[in-house]
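What follows draws every value from the coordinates through simple rules; no lab data is involved. All values derive from a computational prediction rather than experimental measurement. Positions of Cβ are generated from backbone atoms using ideal geometry, with glycine treated the same way; all protein chains shown enter the neighbour counts.
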Amino acid sequence: MRKIIPFLIVIIIFASCKKEIVKTPDHLIEKNKMINILYDLSILEGIKMSNPSSLDTFKINTNSYIYKKYTIDSIQFVQNNTYYASDYKEYKLMYETIKSRIEKNKSLMEKLVKIENKKIIAQKAAKEKLKAKKVADSIKKAKEEIKIKKVADSINKIKATKTLDSIKTAKKKKKAL
């Protein structure tokens with residue numbers, strides 16, 4: 001019996017330690033929704049860190065944006081975040097889910113950026129080709145204009161020569177008379 005009493009005391013102590021440290025909030029946000037909130041906050045913070053002026057340009061307040069999007073208030077968010085953070089292992093799993101989602105979207109965005117860069121390069125090449133074609137066309141047009149001028153000049157020379165020849169023959173005939 002003496003051995004059972006200390007054993008029961010130890011079990012009672014362990015059972016009493018199992019008590020929740022943080023009580024469940026009145027308006028509990030479901031786990032998946034909380035993951036989405038934390039994901040959006042992570043993305044917005046990443047944007048803020050990489051290009052601070054981008055959010056300022058559009059006058060976006062990250063916290064108020066999240067509160068409006070998920071129809072929550074700041075107190076509800078803090079209570080729920082504290083509640084989920086009190087279970088370290090579960091909170092770590094939530095953040096690992098968020099991290100894998102960010103990595104997945106990052107690789108997708110990198111692929112989209114590569115495709116967009118290829119489009120831009122193709123557009124630039126097409127513009128250069130069109131520009132080169134316009135230059136070639138303008139050179140061809142200029143050459144044609146020069147040929148037309150030369151033909152016109154040669155026709156004028158021929159006419160002038162014929163006119164001179166006819167004047168000379170007319171003078172010769174006049175002298176001969």
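Data overview
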read-out: For I43, net neighbour charge (Lys/Arg +1, Asp/Glu -1) across residues whose Cβ lies under 15 Å away; value: +3
read-out: Using a Förster distance of 41 Å, the FRET efficiency for I121-E30 (Cβ separation, nearest 0.05); value: 0.35
read-out: Karplus (6.51, -1.76, 1.60) ³J(HN,Hα), θ = phi - 60°, over segment 47-54, in Hz, Gly and Pro reported as x; value: 5, 4, 6, 7, 8, x, 6, 5
read-out: Pairs from K23/K89; K31/K92; K48/K92 whose Cα-Cα separation, in the structure shown, is over 19 Å; value: K48/K92
read-out: At R0 = 45 Å, FRET efficiency that the Cβ-Cβ distance of T62 and L130 yields, to 0.05; value: 0.50
read-out: Förster radius 41 Å - calculated FRET efficiency between K114 and S74, Cβ distance, rounded to 0.05; value: 0.55
read-out: Trypsin sites (Lys or Arg not before Pro) lying in DSSP loop within segment 34-88, provided at most 16 other Cβ fall within 10 Å; value: K59
read-out: q = 0.32 Å⁻¹: log10 I(q)/I(0) that the Debye formula gives for segment 34-81, counting C-alpha atoms only; value: -1.20
